[in-house]
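To start, the structure itself, in structure tokens.
The values are calculated or read from the model by the stated rules, or taken from the named source; none is laboratory data. Because the structure is predicted, anything quoted here is derived from the model rather than measured. Because the Cβ atoms are built from the backbone with ideal geometry, glycine has one as well, and the counts that use them run over all protein chains shown.
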Amino acid sequence: MLVSAPPRRAVTPPGPCAMVIFGAGGDLTKRLLAPALYNMARAGLLPEKFALIGVDRVEATAASWGESLRAALAAQAANPASESELTAIDPAAWHRLAGAMAYVQGDLTDPALYHRLRDVLNDTAHAHGTGGNVLFYLAVSDRFFAPVVQRLGQAGLAAETEAAAGTPATWRRVVVEKPFGHSLDSARALNRDLLRVLEERQIFRIDHFLGKETVQNIMAFRFANGLFEPIWNRDRIDHVQITVAETVGVEHRGRFYEATGALRDMVPNHVFQILAMVAMEPPSGFDAEQVRNHKAEVFGAIRPLRPEDAVRGQYGPGTVAGQAARAYRAEPNVAPDSDTETFVALRLAIDNWRWAGVPFYLRTGKHMSARHTEVAIRFKPAPFAPFADTDIAALPPNWLVLTIQPDEGISLQFEVKRPGPVMDLAAVRMAFRYCDWFPHEAAIGYETLLYDCMIGEATLFQRADMVEATWRVVQPVLDAWAGAPAPYFPNYASGHDGPESAQRLLAEDGRAWRPVGAG
Ligand code: BG6
């Protein structure tokens, strides 16, 4: 039973708007955006006046596009393992979405497409009362980000208008997916290209990890409780481990992954977003700029990585979750002598008063032993143990573990006395699991983020300076690896938690990784 359960804060639907999805026929749209929009429709979180416009190269009509999305939802509903967790499609919610659809076919680099899009936007503004507000979503390959935004600008589609004579102001926003650049230079160039057309406040750089409830919960845990913040620093914390372990391999994404690798794919974005939640200073308010300023400060304080603080791995053949798994080099569209890393482990230093001397160890990889994402905070030992024959160094440490996925929850490990006549100690774990306290609601994480875009709430989105600061940290390692291909790949078997060198990275500091999935 909840200790205190004030009524949920009412969430009202956003004001009128149209949403334009570039890449309407793509995987992201089918797998994540359509289910998220459907969930929003079901929960009453879509604007009452709404239009959904698909843009893609493939020939389609509003009806056939809608049908392809509905079929994709139905397939997910029939698959209990799908990410969307849908079990059935509610016809009323689907009708709400389908009734709002339009489709524009064309080549993303063709200026004529944008003129057609302008006409459709005008028509839908009249038909659906969207008020001229438009959310453009770039669900396309990153090479199209700048060209699409440039053409939106040329067609006058990025321009907002101010309120005048009884007519409300209109807004235009652009959601940019990852990857945001492949390096510091390319991220800077992309920022420059976007900012030539748009104001920073119009750009929503999305990182879907920030849509995960338990990532957001790190802020609630730290800043809504007086208990933890006083010990959340170098005086009491020995080190922090962040693990994002996946059992999936690269699946059908070999081409993308070959050019990306684990470091670019996961670290400057997802893993650093978790790190920022753990390491940031408490903001004095939750408006977007205050929160993002504090995160930006953390990124700015991370010491650029030295190559000796980074370990890379690539999976060979093995067994994952009881199934035989092939080597990365045998995956489709992967070179048989590929040097691309599928695992990375890093040792980071944050140069500020709170964290000086507290290492942050990060690791992420594919084909590991379990799907498990956690932040584990190890506290310093008691300074002295007044128990006879007890070696202080032998006492198990206090761990605070925030499990992000799956089995979302929080646990604390501490020492207790074993019942009996002598002072005998044992480590126990106190655990909170979300599923024990809150009903599970099917959500894929994009719902919150799309809702925020529609209401113009940018707290959970990356700013230009933040993106560049994260690339600055990892760039020295990217450069070092580009200049020195890994001669020893593959160096971990599928189903194992990275190469031996990842263990050595911590052993050098007298520490060890927690077993993956230890909870
Ligand atoms: C994506 C990466 O951004 O995040 C993938 O490109 C990765 O490689 C995925 O598998 C992980 O996200 P989630 O939500 O499945 O943990």
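Which one of these is crowded, with 22+ Cβ neighbours inside 10 Å, at pLDDT 95 or above and assigned by TED's automatic domain parsing to the domain that holds Ala493: Val358, Val375? Outline the logic, then answer.
Values: Val358 fails: crowded, with 22+ Cβ neighbours inside 10 Å.
Exactly one residue qualifies, and that residue is Val375.
Could you tell me whether region 450-468 includes any residue that is surrounded by 15 or more Cβ atoms within 10 Å (Cβ to Cβ), assigned by TED's automatic domain parsing to the domain that holds Pro268 and under 17 Å from Gly365 (Cα atoms)?
no
Restricting the search to region 253-264, which residues are under 17 Å from the mean Cα position of the chain (by Cα) and either away from the ligand (no atom under 12 Å from the Cβ) or of a type in the set (S, T, N, Q) (or both)?
Selection gives Thr260 alone.
Test Val267 against the criterion of being among the aliphatic types (A, V, I, L, M), within 16 Å of the ligand (Cβ to nearest atom) and touching a Lys or Arg at 6+ places or on another chain (Cβ under 9 Å), and give yes or no. Walk me through it before giving the result.
Values: among the aliphatic types (A, V, I, L, M): yes; within 16 Å of the ligand (Cβ to nearest atom): yes; touching a Lys or Arg at 6+ places or on another chain (Cβ under 9 Å): no.
Taking the combined requirement at face value, the residue does not satisfy it.
Filter region 151-178 down to the residues that are on the phi > 0 side of the Ramachandran plot and either of a type outside the set (A, V, I, L, M) or in contact (Cβ under 8 Å) with a residue 12 or more places away in the chain (or both) and list them by number.
From region 151-178, those on the phi > 0 side of the Ramachandran plot are 156, 165-166; that's our starting set.
Within region 151-178, Gly156, Gly166 qualify.
For region 321-351: of the residues being acidic (Asp, Glu) and under 16 Å from Trp481 (Cβ atoms), which is surrounded by the fewest Cβ atoms within 10 Å (Cβ to Cβ)? Steps first, answer last, please.
Filtering region 321-351 for residues acidic (Asp, Glu) gives 331, 337, 339, 341, 351.
Next, only the ones that are under 16 Å from Trp481 (Cβ atoms) stay: 337, 339, 341.
Values: Asp337: 8, Asp339: 17, Glu341: 27.
Within region 321-351, the match that is surrounded by the fewest Cβ atoms within 10 Å (Cβ to Cβ) is Asp337.
Being among the small types (Gly, Ala, Ser) and either crowded, with 17+ Cβ neighbours inside 10 Å or within 16 Å of the ligand (Cβ to nearest atom) (or both), is that true of even one residue in region 231-252? Before the answer, list the steps.
As a first pass, look at region 231-252 and keep what is among the small types (Gly, Ala, Ser): 245, 249.
Filter again for either crowded, with 17+ Cβ neighbours inside 10 Å or within 16 Å of the ligand (Cβ to nearest atom) (or both), leaving 245, 249.
Among the residues of region 231-252, at least one is among the small types (Gly, Ala, Ser) and either crowded, with 17+ Cβ neighbours inside 10 Å or within 16 Å of the ligand (Cβ to nearest atom) (or both), which makes the answer yes.
Which of the residues belonging to region 144-193 are crowded, with 16+ Cβ neighbours inside 10 Å, out of contact with any helix residue (DSSP H, G or I) (no Cβ under 7 Å at 6 or more places or on another chain) and part of a strand (DSSP E or B)?
Scanning region 144-193 gives a single hit, Thr170.
So that you can scan it fast, the table gives a plain yes or no per residue for (1) charged (D, E, K, R); (2) closer than 27 Å to Ala158 by Cα; (3) crowded, with 21+ Cβ neighbours inside 10 Å:
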residue: Leu37; (1), (2), (3): no, yes, yes
residue: Gly66; (1), (2), (3): no, yes, yes
residue: Pro80; (1), (2), (3): no, no, no
residue: Thr87; (1), (2), (3): no, no, no
residue: Leu97; (1), (2), (3): no, yes, yes
residue: Gly106; (1), (2), (3): no, yes, no
residue: Leu113; (1), (2), (3): no, yes, no
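Among the residues in region 77-97, are any part of a helix (DSSP H, G or I) and either under 24 Å from Trp171 (Cα atoms) or in contact (Cβ under 8 Å) with a residue 60 or more places away in the chain (or both)? Lay out the reasoning, then the answer.
Just the residues of region 77-97 that are part of a helix (DSSP H, G or I), to begin with: 77-78, 91-97.
Now drop any that are not either under 24 Å from Trp171 (Cα atoms) or in contact (Cβ under 8 Å) with a residue 60 or more places away in the chain (or both), which leaves 96-97.
Within region 77-97, one or more residues are part of a helix (DSSP H, G or I) and either under 24 Å from Trp171 (Cα atoms) or in contact (Cβ under 8 Å) with a residue 60 or more places away in the chain (or both).
Whether any residue in region 228-237 is basic (Lys, Arg), at pLDDT 95 or above and within 14 Å of the chain's Cα centre (by Cα) is what I want to check.
Step one: of region 228-237, the residues basic (Lys, Arg) are 234, 236.
If we keep only those that are at pLDDT 95 or above as well, we get 234, 236.
Narrowing further to those that are within 14 Å of the chain's Cα centre (by Cα): none.
Among the residues of region 228-237, not one is basic (Lys, Arg), at pLDDT 95 or above and within 14 Å of the chain's Cα centre (by Cα), which makes the answer no.
Being assigned to a loop (DSSP other than H, G, I, E, B) and in contact with a Ser or Thr (Cβ under 8 Å, 6 or more places away or on another chain) is the filter here, so list the residues in region 260-310 that pass it.
The first filter runs over region 260-310 and keeps only residues assigned to a loop (DSSP other than H, G, I, E, B), leaving 260, 280-287, 303-306.
Scanning region 260-310 gives Thr260, Phe286, Asp287.
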